[in-house]
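The values are calculated or read from the model by the stated rules, or taken from the named source; none is laboratory data. Since we're looking at a predicted model, the values are computed, not measured. Cβ placement follows ideal geometry from the backbone for every residue including glycine, while neighbour counts extend to all protein chains displayed.
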Amino acid sequence: MRIRNAGVVVAMTLALAAAGCGGADEPAATDSPAAKTGGKLVIWADPKRTVALKPFADKFGQENGVTVEVQEIADEQQTTFVTASQQGSGPDVMVGAHDWIGNLVQNGAIDPVQLSAAQKGAFAEIALKAVTFNGQVYGVPYAMENLALIRNTDLAPTAPASVEELVATGKRLKAEKKATEILCLQVGQNGDAYHLYPLYTSAGGYLFGTTSTGDYDPKDLGVGKPASIAAFNKIKALGEKGTGALKRSIGGENSIATFTGKKCAYLVSGPWAITDIKKAGLKYDISPMPGFAGGQPATPFVGVQAFYVAAKGKNKALAQEFVANYLTTPDLAVALYQAEPRPPALTAALDQIKGTDPDLAKFQEAGKSGAVLPAIPEMAAIWDPFGKAEAAIIGGADVTTTVNAAAKTISSQIK
């Protein structure tokens with residue numbers, strides 16, 4: 001479940017849930033009545049996390065005298081969860097990306113999670129910030145992720161200092177017939193705002209401004225501003241009518257495979273790509289995404305995967321007990337990491353595995369200057385228009401006309 005897929009546009013038609021759990025600073029329950037009287041806990045997760053969760057769910061069930069079912073939801077997890085929640089057929093606990101939060105709260109689908117101050121302090125600061133919305137914690141974070149530049153060190157021994165240097169090396173490798181592509185950065189026919197974001201920010205663009213408290217401000221839309229038009233002009237120069245570094249023929253279905261097939265020296269991706277790279281036997285290294293020469297830093301989004309308590313679950317007390325007091329232990333965090341190697345959000349778990357996986361520190365370094373992926377509901381209006389504008393511009397469309405049209409579409413969807 002890559003964070004890009006978390007940006008599914010879901011209709012935001014319901015008001016905030018009228019009922020919720022206690023304030024975010026309440027101490028977590030340690031003796032949940034539900035855990036003593038039996039019942040059933042239903043957890044929804046994607047395929048990889050389902051496998052990792054099952055033994056821990058079984059153990060929780062045995063210790064508390066309850067039945068725990070971990071059910072696999074393979075596609076469109078957010079949409080499926082919201083629809084099921086509205087119909088009263090959803091789970092008690094949902095596993096998903098943090099940028100769902102604004103939409104899920106708007107739809108009354110999740111409750112705040114009750115964590116003590118000590119439990120909050122056990123997580124990486126950026127992970128806790130990601131799951132905090134309107135001053136309340138709405139999920140228990142378990143993993144963090146961000147994009148980085150992954151390179152085939154046989155083709156590119158050193159990390160490029162700029163986008164221009166990367167393109168020059170890629171063009172040389174193509175001329176020498178050692179590669180067929182300059183860069184593997186997924187675009188596809190509909191664009192990909194998540195993967196383009198580091199280049200967009202380095203060129204001076206932004207999506208939303210921030211308030212005095214540092215929160216994203218939906219009233220300050222960056223798309224359509226002069227800075228975004230200037231940014232897309234730089235991106236167009238990398239496109240199909242320019243250097244050819246960015247191409248619509250490279251998308252989510254083939255970007256990693258193109259890299260592991262040794263057709264390009266550089267891949268922009270996240271921790272989820274490493275398993276395939278290792279299977280291919282490639283020599284590789286990981287470094288921060290370079291920016292344009294003389295430009296702003298290339299800022300990747302930092303995403304967090306989290307466990308949510310369903311507002312309309314049939315056993316909410318048991319769900320709170322599970323996410324607050326069981327998921328905050330290092331053993332489960334390490335097991336989830338082993339199922340898919342994304343840096344754990346729990347500091348103790350991260351410290352436990354750091355020495356065994358040097359890639360963790362490199363992805364953390366690449367995400368050090370990252371921005372938390374916006375979880376505000378208005379972000380749902382960004383993905384599709386921005387992505388389609390990106391794809392069109394990379395294909396050669398007029399920048400000003402295309403960006404202004406995207407801005408108009410986005411603005412019309414933001415109330």
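General remarks:
- Residue in the range 269-293 that is surrounded by the fewest Cβ atoms within 10 Å (Cβ to Cβ), counting only those that are closer than 25 Å to residue 338 by Cβ, in contact (Cβ under 8 Å) with a residue 24 or more places away in the chain and hydrophobic (A, V, I, L, M, F, W, C): 272
- Only a single criterion out of (1) at pLDDT 50 or above; (2) touching a Gly at 6+ places or on another chain (Cβ under 7 Å); (3) in a loop (DSSP other than H, G, I, E, B) is not satisfied by residue 75, namely (2).
- Hey, residue 356 modelled with pLDDT under 95 and of a type in the set (Val, Ile, Thr) or not: yes
- One residue stands out in the range 242-299 among those that are in a loop (DSSP other than H, G, I, E, B) and basic (Lys, Arg): the one that is nearest to residue 145 (Cα to Cα), namely 283.
- Residue 375 being outside any helix (DSSP H, G or I), of a type in the set (A, V, I, L, M) and surrounded by 16 or more Cβ atoms within 10 Å (Cβ to Cβ): yes
- Pairs, first in contact (Cβ under 8 Å) with a residue 40 or more places away in the chain in the range 189-212, second assigned to a loop (DSSP other than H, G, I, E, B) and among the basic types (Lys, Arg), C-beta under 6 Å, six or more apart: 189/248
- Against the list (1) surrounded by fewer than 23 Cβ atoms within 10 Å (Cβ to Cβ); (2) not in a helix (DSSP H, G or I), the condition residue 223 fails is (1).
- Any chance residue 214 is part of a loop (DSSP other than H, G, I, E, B) and surrounded by fewer than 17 Cβ atoms within 10 Å (Cβ to Cβ): yes
- Residues of the range 378-396 satisfying the condition of being in a loop (DSSP other than H, G, I, E, B) and either more than 15 Å from residue 231 (Cβ to Cβ) or among the polar types (S, T, N, Q) (or both): 395, 396
- Cβ-Cβ under 9 Å pairs, at least 6 apart or on other chains, the range 90-111 side in contact (Cβ under 8 Å) with a residue 12 or more places away in the chain, far side among the charged types (D, E, K, R) and assigned to a helix (DSSP H, G or I): 92/316; 95/49; 102/378; 111/316
- Across the range 286-310, the qualifying residues are those that are under 25 Å from residue 122 (Cα atoms) and small (Gly, Ala, Ser), and the one among them that is nearest to the chain's Cα centre (by Cα) is 303.
- Filtered residues of the range 340-367 (kept if crowded, with 16+ Cβ neighbours inside 10 Å and in a helix (DSSP H, G or I)): 347, 349, 350, 352, 353, 359, 360, 362, 363, 364, 366
- Hey, residue 177 basic (Lys, Arg), out of contact with any Lys or Arg (no Cβ under 8 Å at 6 or more places or on another chain) and in a loop (DSSP other than H, G, I, E, B) or not: yes
- Enumerated strands (runs of 3 or more DSSP E) restricted to the range 80-157, each holding at least 1 residues that are of a type in the set (Lys, Arg) and within 30 Å of residue 284 (Cα to Cα): 148-152
- Among residues of the range 323-339, those that are surrounded by fewer than 17 Cβ atoms within 10 Å (Cβ to Cβ) and assigned to a loop (DSSP other than H, G, I, E, B), counted: 1
- Residue tally, condition within 18 Å of residue 371 (Cα to Cα) and in contact with a strand residue (DSSP E or B) (Cβ under 7 Å, 6 or more places away or on another chain), over the range 117-136: 8
- Take the conditions (1) farther than 26 Å from residue 347 by Cα; (2) free of Cβ contacts under 8 Å to residues at least 60 places away in the same chain; (3) of a type outside the set (Val, Ile, Thr); residue 125 misses just one of them, which is (1).
- Criterion (among the hydrophobic types (A, V, I, L, M, F, W, C), closer than 28 Å to residue 69 by Cβ and touching a residue at least 12 places away in the same chain (Cβ under 8 Å)) met by exactly one of 334, 372: 334
- Some residue of the range 145-168 being under 23 Å from the mean Cα position of the chain (by Cα) and more than 17 Å from residue 290 (Cβ to Cβ): yes
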